[in-house]
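For reference, the structure discussed in these notes is given below.
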Amino acid sequence: MEKSKVLVVGGTGYIGRKIVKASLEQGHETYVLQRPDIGLDTEKVQMLLSFKKQGAHLVEGSFSDHQSLVDAVKLVDVVICTISGVHFRSHNLMMQLKLVEAIKDAGNVKRFIPSEFGMDPARMGHALEPGRATFDEKMTIRQAIEDANIPHTYISANCFAAYMAGNLSQMGTLFPPRNKVVLYGNGNVKVVYVDEEDVGTYTIKTIDDPRTLNKTIYLRPPENILTQRELIQEWEKLIGKQLEISPISQHDFLSSMKGVDFASQAGMGHFYHIFYEGCLTNFEVGDEEEASKLYPEVQYTHMDEFLKLYV
Ligand SMILES: NC(=O)c1ccc[n+]([C@@H]2O[C@H](COP(=O)([O-])OP(=O)(O)OC[C@H]3O[C@@H](n4cnc5c(N)ncnc54)[C@H](OP(=O)(O)O)[C@@H]3O)[C@@H](O)[C@H]2O)c1
């Protein structure tokens, strides 16, 4: 079967660049949206040029020019959007409504993967304010996709490793502590950590796969289903030292959310659902909807290996 042509929208972003890389590696003709709006952002320009050097096609298009999006979409079979969606950096998920309109008008797209790549928003209807905005917005985009009958796959990627494992799930830092570590509750809630490279690999694996059509696919590589305690122990083994544990109860964690800025409150809400409520693992996932079962050939990165980067 011929491999689909892929357009990545948001390709210079944090997860977008991993998706572009995986698409090229897996032999797809890959297009990356080149937005004139990036202006003089030299880092983005350099990244776009490096994609081009690796064989990607750059295609001009802007969210403020509907026809340019339609034209870009018409070049490909599959559209993957990785537009921003974390409050502490940038949050523009709702702009995807414009992309959905363009995909609808173009009429040729065989698969659309919207910007999700986190917790399954369909399971987060009860989420705390203000962090719930992310889930509500992702659900609004799903509704627009389904109303327009656009073939799709939703990727639930759980915790990106460099966001949540490299720091032993501490807030406000992306490096692991070497002395004292904050433990959420008893630290025994199962969490799922996924290396961002693997998020890219699995995402691209799904795009030509009839088994993943119009489904949510969960990335739950079994060796990376760990409690925070287990993650800390992996790090302790690597540095040959025990950390001082500083537990924070659910009550104290929730109280500490009050009065902090909006972005921190949103992030803390997500942490609450992951580390106290166990929202990543408190439901069953069938083999036909879990990426490591669908694609056993992928040698995913285990977290003990991942943490070696930080020693
Ligand atoms: N599971 C996790 O742990 C986790 C962690 C972080 C994020 N996520 C999710 O991953 C997804 C992507 O997030 P990210 O952190 O990778 O995003 P990001 O790096 O902050 O931004 C991604 C891209 O969004 C595009 N963008 C931003 N503002 C825009 C605007 N005003 N108009 C048009 N395009 C705009 C840019 O694309 P260009 O390349 O065109 O400039 C940017 O490179 C989100 O859905 C987020 O919720 C999950």
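The values are calculated or read from the model by the stated rules, or taken from the named source; none is laboratory data. What you see is a predicted model, and the numbers here were worked out from it, not measured in a lab. FYI the Cβ positions are ideal-geometry reconstructions off the backbone, even for glycines, and counts take in every protein chain you see.
Within the range 86-120, which residues are modelled with pLDDT under 95 and closer than 24 Å to T201 by Cβ?
V86, R89 - these are the residues of the range 86-120 that are modelled with pLDDT under 95 and closer than 24 Å to T201 by Cβ.
Within the range 48-58, how many residues are within 11 Å of the ligand (Cβ to nearest atom) and crowded, with 19+ Cβ neighbours inside 10 Å?
Result for the range 48-58: 2.
Condition check ((1) touching a helix residue (DSSP H, G or I) at 6+ places or on another chain (Cβ under 7 Å); (2) of a type in the set (V, I, T)) across all residues:
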residue	(1), (2)
D105	yes, no
E129	no, no
I155	yes, yes
Y163	no, no
Q170	no, no
R178	yes, no
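Please go through (1) more than 13 Å from the ligand (Cβ to nearest atom); (2) surrounded by 15 or more Cβ atoms within 10 Å (Cβ to Cβ); (3) small (G, A, S) for G16 and return the number of the only condition it doesn't satisfy.
The single condition G16 does not satisfy is (1).
So, in the range 67-83, how many residues would count as being within 14 Å of the ligand (Cβ to nearest atom) and closer than 23 Å to T153 by Cα?
7
If a residue counts only when it is polar (S, T, N, Q), which helices (runs of 4 or more DSSP H) contained entirely in the range 217-311 have at least 3 such residues?
It comes to 250-256.
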